[in-house]
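Worksheet for the structure shown next.
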Amino acid sequence: MADRTLSDSTCPETCKAICCRYIVKRISPPRVRLDWDELYWFLCHEKVAVYIEGRKWYLLVNVPCVHLTRAWRCRAYPERPDVCRMHDPGNCEFTGEVDFQDYMESPRDLIRLMEKRGISYRLPWLGRGSRPERTGPGTDRPVSGSAKRRA
Ligand code: SF4
Ligand code: SF4
């Protein structure tokens, strides 16, 4: 991925290396009050998102890889990590289907999900008038298809 000049890459020329501009890590689904509190804390940070795919939960941070060039090429392509090698350009953020159940990029998104699921713990930020919306940079949704899996 990210270097369409190499013969083993099938990435379209029109993709600007979407998959090289974030990291993602599988996380445990929230089960108790403190888990939801931690998710809220995650989502109070810029460039952080949480999404659910099937029954699996993921934490995503929108940060570009240091090996990505301004021309959307990987300067470390021969030595790139296995997670990059395993990412399938045939079913990726650029070419794949959108299959997220829920994509949350702000505290408000999390609160909406909790309301939808009928979850009402006594948490200070669940109170009336405490629904901040992130306004800083990093709020763009970068992923429109299958993200890298790092279980
Ligand atoms: S998002 Fe898909 S097409 Fe774009 S660089 Fe990554 S694997 Fe290739
Ligand atoms: S090492 Fe290369 S292929 Fe892997 S994320 Fe970084 S720029 Fe992309």
Exactly one condition in (1) within 16 Å of ligand 2 (Cβ to nearest atom); (2) within 24 Å of S28 (Cα to Cα); (3) in contact (Cβ under 8 Å) with a residue 60 or more places away in the chain is false for V61; which is it? (3)
If you scan region 70-96, which residues turn out to be near ligand 1 (Cβ under 9 Å from one of its atoms) and hydroxyl-bearing (S, T, Y)? T95
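Can you say whether Y103 is touching a residue at least 60 places away in the same chain (Cβ under 8 Å), closer than 30 Å to C44 by Cβ and more than 12 Å from ligand 1 (Cβ to nearest atom), as far as the supplied structure shows?
In short, no.
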Tally up the residues in region 86-128 that are closer than 30 Å to T14 by Cα and among the aliphatic types (A, V, I, L, M), please. 3
From the set of residues in region 35-68 that are more than 14 Å from the chain's Cα centre (by Cα) and modelled with pLDDT under 95, which is nearest to L126 (Cα to Cα)? R55
Among the residues of region 11-28, which ones are surrounded by 19 or more Cβ atoms within 10 Å (Cβ to Cβ) and over 21 Å from Y51 (Cβ atoms)? C11
Report the residue count in region 42-72 for those that are in contact with a helix residue (DSSP H, G or I) (Cβ under 9 Å, 6 or more places away or on another chain) and either acidic (D, E) or not in a strand (DSSP E or B) (or both). 7
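Quick check on region 107-122: of everything there that is in a helix (DSSP H, G or I) and either of a type in the set (F, W, Y) or out of contact with any Lys or Arg (no Cβ under 8 Å at 6 or more places or on another chain) (or both), which residue is farthest from ligand 1 (Cβ to nearest atom)?
Restricting to residues being in a helix (DSSP H, G or I) and either of a type in the set (F, W, Y) or out of contact with any Lys or Arg (no Cβ under 8 Å at 6 or more places or on another chain) (or both), the top hit is E115.
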Of the residues that make up region 51-68, is at least one in contact with a Phe, Trp or Tyr (Cβ under 9 Å, 6 or more places away or on another chain) and exposed (fewer than 15 other Cβ atoms within 10 Å of the Cβ)? yes
Just checking, how many residues over region 27-59 are out of contact with any Leu (no Cβ under 7 Å at 6 or more places or on another chain) and small (G, A, S)? 2
Scan region 84-106 residue by residue and report those that are under 15 Å from the mean Cα position of the chain (by Cα) and either hydrophobic (A, V, I, L, M, F, W, C) or in a helix (DSSP H, G or I) (or both). C92, F94, V98, F100, M104
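The values are calculated or read from the model by the stated rules, or taken from the named source; none is laboratory data. Owing to the predicted nature of the structure, the values given are computational and were not obtained by experimental measurement. Every residue, glycine among them, receives a Cβ derived from its backbone with ideal geometry; neighbour counts consider all protein chains shown.
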